[in-house]
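Here is the structure we will look at, set down as structure tokens.
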Amino acid sequence: MSFTAAYHGACGYGDRIEPGDQVVYEDGELVHVGCANIDVAETPCRDCNLVHAGRCF
């Protein structure tokens with residue numbers, strides 16, 4: 001799950017993280033969402049934009 005960085009830091013891929021950047025932990029390291037290797041196994045639902053089993057609620 002991604003969140004908004006509150007502090008300056010270093011991205012695990014070499015860039016600087018600034019407050020307000022969207023970040024996520026990947027293998028214990030803080031990285032930008034755009035840098036992260038996030039695998040989505042299924043296509044998100046067109047109605048709620050979530051990946052879920054069965055019908056949309």
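Under Stokes-Einstein, with the Kirkwood radius over Cα pairs standing in for Rh, what whole-number D in µm²/s applies to the chain at 25 °C and 0.890 mPa s?
Numbers: Rh = 12.8 Å.
Reported coefficient: 191 µm²/s.
So who's got an amide H within less than 5 Å of the one on LEU30, skipping anything under 5 residues away but keeping other chains? H placed 1.01 Å off N, in plane.
Under 5 Å from the amide H of LEU30 lie the amide H atoms of GLY12, each far enough along the sequence or on another chain.
Before anything else, pin down the relative contact order of the chain: Cα pairs under 8 Å, at least 6 apart, normalised by residue count, whole percent. Numbers along the way, then the final one.
Working: 75 pairs, mean separation 13.3, N = 57.
Relative contact order comes out at 23 percent.
So how far apart, in nm, are the two label points at CYS45 and GLU29 if each is 7 Å from Cα heading toward Cβ?
Here the answer is 3.5 nm between the modelled labels.
Relative to the present Cα-Cα distance, how much length would full extension add between MET1 and ASP15 at 0.36 nm per residue of separation? Provide the component values of the computation, followed by the final result.
On the way: separation 14, 0.36 × 14 = 5.04 nm, distance 2.00 nm.
Length gained between MET1 and ASP15: 3.0 nm.
Throughout, read-outs are computed from the coordinates displayed, never taken from laboratory work. Note that this is a predicted model, so its numbers are computed, not measured. Using ideal geometry, Cβ is built from the backbone for each residue, glycine included, and neighbour counts are taken over all protein chains shown.
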